[in-house]
Amino acid sequence: MGTYKEELIKAMDILAAHPKTIFIGQNVIYGGASMFWTIANVPKEKRIELPVFEEVQAGMSLGLSLEGFIPVSIFPRMDFMLLAMNQIVNHIDKMDEMSDGQFKPVIIMRTAIGSTEPLMPGPQHCQDHTEALKLMCKNINVVRLENADQIVPEFTKALQADKPTILVDIPDMYNKELENEFKESRRKSLENL
Amino acid sequence: METKLTKEELREFEKWCVDIYKAGKLRSPLHLSGGNEEHLQAIFKDIEEDDWIFTTYRSHYHALLKGVPKEWLKQWVSDNKSIHVMNKEHKIVTSAIVGGTLSSALGAALGIKLKGGKNRVWAFCGDMTSESGTFHEVTKYARRNDLPITFVVEDNGLSTDTPTQETWGLKDSGPNIIKYNYKRIYPHYGVGVFVDFKDDKGEDRMEIGI
């Protein structure tokens, strides 16, 4: 069993290996969020960087699924995912029911509870709405990834499901690890000067 | 696809809906079309069998013109589901939320382009939706990324009973918008370098923007 970050990378590698997956969202090609570092091994041709339009992104995920893709739709923080609630709650969650089971979209939505260390980002960047999402969604499986050992099994389950899944990760579980990697990388580059 | 349905047959379908509704046989709302038969017949001449139709809660005409059998649709309406007609075989998706299908239509168009498909997406909406932020986002993205999608605005001047142009203002929206271009000197967050600091416990930390 690896660390939280290592397990996330392993899970993303599993998703990337599936021929139908496509990674979309903000910070999938360009950095800026901790999640970015966990998709480092995902081939560039499987990533589409989108504008910041969360509701459209969620709807696009649904449309891509209708065309046979399995979108891995990335919302870097749960605070931002709130802007997509119309598509998530009214559409993605209800598609199976509204179509009498004709459409069963498989969509993997990934989001995070913003980290509070080493900086406290303020009340709009670290909210955890996991329980509220569970109350709002009848069909979407909502999972908060509390421990490293949950990560690969839950993403694998999402990939094999016949329904959408929202997986919530906790960057406070792995940003210290990233921090140390950056420090080490900088130390090495300074040594090479 | 060349429709075999006449204007009269389209109207007959809606009249059937009116009759069962009036007879108290439905337990769900109905959103009926009428007066746009010829417009839709002309548009559907360019729509192919393999194309997607994304539309609204007012969708009986679209479904019939796309080839959904009348009897299938009658059963769907009788089952109190007129507000969200869905048919996988004929590739029809609807939503009872204003503007609800525009972004999924966009995603389907992106999917077709990624697969190199020859079919396309047709996204129908009303005039109030065409003034919404989502409409502007999806049409802009579709145009700039050359996606195989056509948007059709069905303008009856009203959203429910609200006059669209009266609420938005009858003038162009242009004059009250100012745009300027600039090149930023700082990144989106932070100052462009990783910053070392000691946290409350005196531990060495580094701000890495997460």
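If only one of B:Trp76, B:Trp72 is without any contact (Cβ under 8 Å) to a residue 12 or more places away in the chain, aromatic (Phe, Trp, Tyr) and more than 30 Å from B:Trp168 (Cβ to Cβ), which one is it?
Values: B:Trp72 fails: without any contact (Cβ under 8 Å) to a residue 12 or more places away in the chain.
None of the other options fit; the residue is B:Trp76.
Which residue out of B:Ile149, B:Ile210 is modelled with pLDDT of 70 or more and surrounded by 10 or more Cβ atoms within 10 Å (Cβ to Cβ)?
Values: B:Ile210 fails: modelled with pLDDT of 70 or more.
It is B:Ile149.
Go over the candidates A:Lys157, A:Lys134 one by one and state the one that is away from chain B (no Cβ under 14 Å) and closer than 20 Å to A:Ser65 by Cβ. Steps first, answer last, please.
Numbers: A:Lys134 fails: closer than 20 Å to A:Ser65 by Cβ.
Exactly one of A:Lys157, A:Lys134 is away from chain B (no Cβ under 14 Å) and closer than 20 Å to A:Ser65 by Cβ, namely A:Lys157.
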Selection within the stretch A:173-188 - closer than 23 Å to A:Ile151 by Cα, at the interface with another protein chain (Cβ under 9 Å from one of its Cβ atoms) and among the hydrophobic types (A, V, I, L, M, F, W, C): A:Leu178
Scan of the stretch A:123-145 for residues that are farther than 18 Å from A:Phe75 by Cα and outside any helix (DSSP H, G or I), ordered by number: A:Lys138, A:Asn139
Options B:Ser95, B:Ser103, B:Ser78: the member that is more than 27 Å from B:Tyr141 (Cβ to Cβ) and hydroxyl-bearing (Ser, Thr, Tyr): B:Ser78
Leading residue by the ranking (farthest from the other protein chains (Cβ to nearest Cβ)) among those in the stretch B:123-137 that are touching a Phe, Trp or Tyr at 6+ places or on another chain (Cβ under 7 Å) and surrounded by fewer than 24 Cβ atoms within 10 Å (Cβ to Cβ): B:Glu131
The one condition in (1) closer than 21 Å to A:Ala58 by Cα; (2) assigned to a helix (DSSP H, G or I) that A:Lys163 fails to fulfil: (2)
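Does B:Trp76 count as in contact with a strand residue (DSSP E or B) (Cβ under 9 Å, 6 or more places away or on another chain), buried (at least 18 other Cβ atoms within 10 Å of the Cβ) and among the aromatic types (Phe, Trp, Tyr)?
Details: in contact with a strand residue (DSSP E or B) (Cβ under 9 Å, 6 or more places away or on another chain): yes; buried (at least 18 other Cβ atoms within 10 Å of the Cβ): yes; among the aromatic types (Phe, Trp, Tyr): yes.
Here the answer is yes, as B:Trp76 does meet what is asked.
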Residue in the stretch B:43-53 that is under 19 Å from B:Pro148 (Cα atoms), in contact with a strand residue (DSSP E or B) (Cβ under 8 Å, 6 or more places away or on another chain) and at the interface with another protein chain (Cβ under 8 Å from one of its Cβ atoms) present: yes
Residue selected from the stretch A:78-119 under the condition within 21 Å of A:Arg144 (Cα to Cα) and modelled with pLDDT under 95, by the criterion surrounded by the most Cβ atoms within 10 Å (Cβ to Cβ): A:Gly114
Complete set of residues in the stretch A:61-100 that are part of a loop (DSSP other than H, G, I, E, B), within 11 Å of another protein chain (Cβ to nearest Cβ) and at negative phi: A:Glu67, A:Phe69, A:Pro76, A:Arg77, A:Lys94, A:Ser99
Matching helices (runs of 4 or more DSSP H) fully within the stretch B:1-117 where at least 3 residues are among the acidic types (Asp, Glu): B:7-22
Criterion: over 19 Å from A:Met98 (Cα atoms), buried (at least 20 other Cβ atoms within 10 Å of the Cβ) and modelled with pLDDT of 95 or more - qualifying residue of B:Leu10, B:Leu64: B:Leu10
Boolean, A:Glu54 is at pLDDT 95 or above, in contact with a strand residue (DSSP E or B) (Cβ under 9 Å, 6 or more places away or on another chain) and surrounded by fewer than 18 Cβ atoms within 10 Å (Cβ to Cβ): no
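The values are calculated or read from the model by the stated rules, or taken from the named source; none is laboratory data. What you see is a predicted model; the values in this text were computed from it and never measured. Note: ideal-geometry Cβ built from the backbone for every residue, glycine included; neighbour counts use all protein chains shown.
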